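The values are calculated or read from the model by the stated rules, or taken from the named source; none is laboratory data. These numbers were taken from a predicted model, which means no experiment stands behind them. Every residue, glycine as well, gets a Cβ built from its backbone with ideal geometry; the counts of neighbours run over all protein chains shown.
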Amino acid sequence: MNNVISIHSIRFFVLVLVQVLIFNHINFLGNINPYPYILFIALFPVKNNRTAIIGLSFFLGLSVDFFLDTGGIHAAACLFIAYVRPIILKFCFGTIYEHQTIKFETVEFGSKLTYFTLLTVIHHFVLFSLEIFNISKIILVLQKTLFSGIFTILMCLLITIIFTRKTK
């Protein structure tokens, strides 16, 4: 139990630090940034308390907001994806989620890609909608969601491939 808590605590702090110190300064083509800190929400164990993931997601987004001075938009986006996460898990993994036996190291790549894609697109759409907050600029919101989403999905897949343990 303590090992699981320490792994997730380390993942939390490392993802926030890497997001704030490295990924927010990329600005690829002017305004495209990856947001791989959402991996904490995506990879949080399914069996844990739903209240815990919602609270931790809010704190994760608030931590990023604190460093970036963004006024709570990351907290709102993280809170939203933590809230809809069970629906996305059920859609992507079906019966594996029903029996709560998901191990992200062992699921097939297509399901993992669908899961990361849905979480990322929802997170980015909420994030950029709150950042721009103008319905007449919906094309800009969709454009930023698409391009930053592709970059984020690639970074999340790369990070999970590099840092997952191979189980035999």
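Please indicate, with yes or no, whether at least one residue in the range 7-14 is touching a residue at least 60 places away in the same chain (Cβ under 8 Å) and over 16 Å from the mean Cα position of the chain (by Cα).
No: zero hits.
In the range 33-60, which residue that is over 19 Å from residue 151 (Cα atoms) and of a type in the set (Gly, Ala, Ser) is modelled with the lowest pLDDT?
It comes out as 52.
Taking the range 123-140 as the region of interest, how many residues are under 18 Å from the mean Cα position of the chain (by Cα) and either of a type outside the set (A, V, I, L, M, F, W, C) or over 18 Å from residue 65 (Cβ atoms) (or both)?
Of all residues in the range 123-140, those under 18 Å from the mean Cα position of the chain (by Cα) come to 123-131.
With the extra rule that they be either of a type outside the set (A, V, I, L, M, F, W, C) or over 18 Å from residue 65 (Cβ atoms) (or both), the set shrinks to 123-124, 129, 131.
Matching residues across the range 123-140 total 4.
Do you know which residues across the range 8-22 are surrounded by fewer than 18 Cβ atoms within 10 Å (Cβ to Cβ) and part of a helix (DSSP H, G or I)?
Result: 8, 9, 10, 11, 12, 13, 14, 17, 18, 20, 21.
Against the conditions (1) touching a helix residue (DSSP H, G or I) at 6+ places or on another chain (Cβ under 7 Å); (2) under 18 Å from residue 75 (Cα atoms), where does residue 159 fall short? Just the number, please.
Unmet condition: (2).
A quick yes/no check of all residues on (1) under 29 Å from residue 21 (Cβ atoms); (2) surrounded by fewer than 14 Cβ atoms within 10 Å (Cβ to Cβ); (3) modelled with pLDDT of 95 or more; (4) not hydrophobic (A, V, I, L, M, F, W, C):
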{"position": "76", "(1), (2), (3), (4)": "yes, no, yes, no"}
{"position": "93", "(1), (2), (3), (4)": "no, no, no, no"}
{"position": "123", "(1), (2), (3), (4)": "yes, no, yes, yes"}
{"position": "135", "(1), (2), (3), (4)": "no, yes, no, no"}
{"position": "143", "(1), (2), (3), (4)": "yes, no, no, yes"}
{"position": "152", "(1), (2), (3), (4)": "yes, no, no, yes"}
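In the range 26-57, how many are surrounded by fewer than 17 Cβ atoms within 10 Å (Cβ to Cβ) and of a type in the set (Phe, Trp, Tyr)?
Summing the residues that are surrounded by fewer than 17 Cβ atoms within 10 Å (Cβ to Cβ) and of a type in the set (Phe, Trp, Tyr) in the range 26-57 gives 1.
Pick from the range 29-71 the residues that are among the small types (Gly, Ala, Ser) and either assigned to a helix (DSSP H, G or I) or touching a residue at least 40 places away in the same chain (Cβ under 8 Å) (or both): which of them is nearest to residue 126 (Cα to Cα)?
Among residues in the range 29-71 that are among the small types (Gly, Ala, Ser) and either assigned to a helix (DSSP H, G or I) or touching a residue at least 40 places away in the same chain (Cβ under 8 Å) (or both), the one nearest to residue 126 (Cα to Cα) is 61.
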